[in-house]
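Single-structure report; data block below.
The values are calculated or read from the model by the stated rules, or taken from the named source; none is laboratory data. This structure is a prediction, so every number in the text was calculated from the model and none was measured. All Cβ positions, glycine included, derive from the backbone under ideal geometry; neighbour counts span all protein chains shown. All accessible areas refer to the heavy atoms of the entire protein, side chains included, with ligands and DNA or RNA removed. Shrake-Rupley method; radii C 1.70, N 1.55, O 1.52, S 1.80 Å.
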Amino acid sequence: MKKIKNIIITFILILITLLMTSTSFAQNQIQIISDKQTIKKDEEINIKVQISDTPIAACTLEIYFDTSKLEYIKGPENSNYSNNRIIYTWVSSTGKNQQGIETGNFQFKVLQEENTNIAVFGEFYSEQGEKVETENSNIELKVENNESNINQITDNIEQTRSK
């Protein structure tokens, strides 16, 4: 009878541990932060990548974007643009886990009057060298269309004339 109780308790502890682990994985997220809500063709935009609530000691980010819609201008010193992607590496200066890490600025120029996306994938490691699971992220950049601006101006003129 004692063996059965021990087996049941062990099973419950393993189950609780697995549930807690999967819950913590779901909270680990990458967030992309843009300095502008909407942008226009030929404007520049800066993005930062924030890794919140995830204690990490090192990471490598891969940032993907449509090169026909955005031109990569510059990024942090430890970033590199190659094969239509930006590779960024960060390592904790103390070698210890840190939380609330914000990287950037990654600067882009808008080439077309079309909305576009930036996607970030990453590999994250704890101070013990263990891989930390984190959800990938993407952001849609809203690009204003000059034609819609002209239509809005025309509508405003017509409304003013009709009064």
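Here are some notes:
- Index of the failed condition, Phe124 passing every other in (1) at pLDDT below 95; (2) open to solvent by 70 Å² or more (accessible area, probe 1.4 Å); (3) aromatic (Phe, Trp, Tyr): (2)
This table checks each residue for (1) modelled with pLDDT of 85 or more; (2) surrounded by 10 or more Cβ atoms within 10 Å (Cβ to Cβ); (3) within 18 Å of the chain's Cα centre (by Cα).
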{"residue": "Lys3", "(1), (2), (3)": "no, no, no"}
{"residue": "Phe11", "(1), (2), (3)": "no, yes, no"}
{"residue": "Gln29", "(1), (2), (3)": "no, yes, yes"}
{"residue": "Ser34", "(1), (2), (3)": "yes, yes, yes"}
{"residue": "Thr38", "(1), (2), (3)": "yes, yes, yes"}
{"residue": "Ile45", "(1), (2), (3)": "yes, yes, yes"}
{"residue": "Ile51", "(1), (2), (3)": "yes, yes, yes"}
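- Within segment 46-64, residues that are of a type in the set (Phe, Trp, Tyr) reach partners that are loosely packed, with under 15 Cβ neighbours inside 10 Å and not in a strand (DSSP E or B) with beta carbons closer than 9 Å, at six or more positions or on different chains, in the pairs Tyr64/Asn84.
- Among the residues of segment 100-132, the ones that are in contact (Cβ under 8 Å) with a residue 40 or more places away in the chain and either of a type in the set (A, V, I, L, M, F, W, C) or under 11 Å from Ile56 (Cβ atoms) (or both) come to 17 in all.
- Condition met for Ile73 (among the aliphatic types (A, V, I, L, M) and either closer than 19 Å to Glu43 by Cβ or touching a helix residue (DSSP H, G or I) at 6+ places or on another chain (Cβ under 8 Å) (or both)): yes
- Filter result for Leu70 (of a type in the set (A, V, I, L, M), within 18 Å of Ser126 (Cα to Cα) and open to solvent by less than 60 Å² (accessible area, probe 1.4 Å)): no
- Any hit, segment 99-116, residues being open to solvent by 40 Å² or more (accessible area, probe 1.4 Å), modelled with pLDDT of 95 or more and among the aromatic types (Phe, Trp, Tyr): no
- Subset of segment 53-91 (residues that are part of a strand (DSSP E or B) and either touching a His at 6+ places or on another chain (Cβ under 9 Å) or more than 17 Å from Ile101 (Cα to Cα) (or both)): Tyr64, Phe65, Leu70, Glu71, Tyr72, Ile73, Lys74, Asn80, Tyr81, Ser82, Arg85, Ile86
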